[in-house]
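The values are calculated or read from the model by the stated rules, or taken from the named source; none is laboratory data. Only a predicted model underlies this, so the values are computations on that prediction, with no experimental measurement involved. Don't worry about glycine lacking a Cβ; one is built from the backbone with ideal geometry, like all the others, and counts go over all protein chains shown.
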Amino acid sequence: MMSDRKPVPASRVRTQATHPSMAVIPDVREDEEQSVKMQEMINLLVAGGYFRARIKGLNNFDKSLICLFCSSLELFICVDHEVVGGMSWAIEMSNVDLDVDILFQESLTIGQKMWVQYHLKALTEKIVRVLQTMSCPHKIEPHQIQGMDCIHIFPVIQWLVKKSIETRQQMSEYLKNYANWQFNRCHTVHTDTDQSSTITSPDDVRHPKRKYRHPARHKLVEPDVRVRTTLLEYGYFDTKSTGDSTSSAPKTSEPNSEQKDSDSRLNDSLMNSMQTESNKISAAFVGAIVGAQSDEIQKLAEEYNRKRLEREENSIERKERELKSRVEAAKKELSAAKQKESEIRDKIQLFRQRIEIVRQKQESFEPKDNERVEEREEKKNLSHILDALKKQKTEFKQFCREEKQRLEKQIEELSNQTTDTEDETEVETEVQTYEEKHSKYKKQLADLNKNVSKIQRKFDDIPTRAELSQYQKRFIELYNQVAAKHNETKKFYTLYNTLDDERMYLEKELNLIGSILDNFYQAQNSNNVREEYLLQFEQIVENIKQTKLKVENRRVTEKAKRDQLNDSYLELIEKQRLYYKGVKDFKEECKTNERLIAELENRKSKNKQ
């Protein structure tokens, strides 16, 4: 049975009671188009490189959260309340922080699942804020993520996957450049030209080279001496006679000591003669060498020219590659500048829209012209009266000054003349008369000044347009503060009521399970107790069904109220729009009326002239 509870001032939030082993999932509108968009999102995410989106055990709501979290490269949270994974992958790919207070665990308890569900709204709001910081061109609201609005989520996912691929490419390019810089900082790469210049060709090593030249080779007659001289010129210091191999006499295995001495003396004499004359080469000898090796010199010159051309071509190709890389970098900078320019234009357009909205609000807050007609007429009348009084005051002062001057002149004339007593009496009477008039006029002037001060105070009591706008602005700020505090209080009431209902149902469930467990062991011992236990169990099930039916009816009622309020809200918005439109049209008509009145007055004045 449900206990009597006091009414709460705030409206309740609709909840869905489920089995403790399952999570509470928001209501999702399912249709064919939504399913197609959901499948396209999963395929797009798999194509982007994250293959966990193909997990069959996750529902569509959890997969949508996977798409949003891992595509935005902020943090991946699998909200199937059994596995919270992918955090390491998302953090490694992340370049933007998402402040989410969820600790990674391999498996979640029922309380942790409930905690994650209660914080789904905060998570979606943080996702929306992060998308705004990333300058996402597509707008999305938290309730669209919770309600699985795949039609609006799909363009966001598409943009985020593209953004992740671009971030991955930029990071790979940066790491590649950094690795090249680290290698070039510690090592030096030699070019093929430098290596070819230092490597000796095998042909050059194999072929013999002349090191010495005998100055009087043509004077040598004996073949043995000529052979030895030739070997010594090429650097072979062999004491054996090559010419002996061609002779018919047989060679001995070991030469005697005299032959060794003679051979060594002959080698020494030949070496000395070649070394002393090696630096004294005649011009004829040089000409003979040049003539003998002119073809080789020509080949070397051609080879040199060919290698020089190859070096120039290589340098030109290298410069061409550098220029191409610079052009590519300039193109990238140009595209980045264009993108930045488009972003700036979007921001300017957004600011213009905001300025237009503020201007419309300001126009809507201005006081109505028809309400201020009488006040303006009164101001005009008072201003005319004030001008007339000021003019009268000025004229009266001028008259008083002139009268004073005239009287002073008369007094001087009377003082200079010698008159009779009767004339003096008349003058005194006239002076007294003028003094009375002066006091009377002075009193009238004081009354006029008093009236002018009263009118001035009335003018000061009437607030100006700027003051009225300031008062209105302050009242609006105060109303916004009160409304925000009221909404916050309603949210707290709603949260309290929801948690209280949850606690009540959990306590009932706990008590019911404990009662069933206690009576189960007693029912095993006796058939009568078992039948009574089964009857009680059926009654408990029936009570649970009735409670569920009541909760479902209340849910349907609250949903109907919500729909009705939503319809009323839409009607009020339509009325507000029509009201603003009517005010705008009325202002335009008032301006047209004033313009026509001014033209009519101008024509009347021209006709009078």
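Mind checking whether some residue in segment 430-441 is in the same structural domain as LEU407 (by TED's automatic domain parsing) and in contact (Cβ under 8 Å) with a residue 40 or more places away in the chain?
Among the residues of segment 430-441, at least one is in the same structural domain as LEU407 (by TED's automatic domain parsing) and in contact (Cβ under 8 Å) with a residue 40 or more places away in the chain, which makes the answer yes.
When you scan segment 471-489, how many residues do you find that are of a type in the set (Ser, Thr, Tyr) and modelled with pLDDT of 90 or more?
Residues meeting the conditions: 2.
Does SER469 satisfy being small (Gly, Ala, Ser), part of a helix (DSSP H, G or I), in the same structural domain as HIS384 (by TED's automatic domain parsing) and closer than 20 Å to LYS379 by Cβ?
Criteria not met by SER469.
Pull up segment 495-537, narrow it to residues that are surrounded by 12 or more Cβ atoms within 10 Å (Cβ to Cβ) and aromatic (Phe, Trp, Tyr), then point me to the one that is farthest from the chain's Cα centre (by Cα).
Ranking the qualifying residues of segment 495-537, first place goes to TYR533.
Looking at LEU389, is it modelled with pLDDT of 85 or more, touching a Leu at 6+ places or on another chain (Cβ under 7 Å) and assigned to a helix (DSSP H, G or I)?
Judged against the criteria, LEU389 is not a match.
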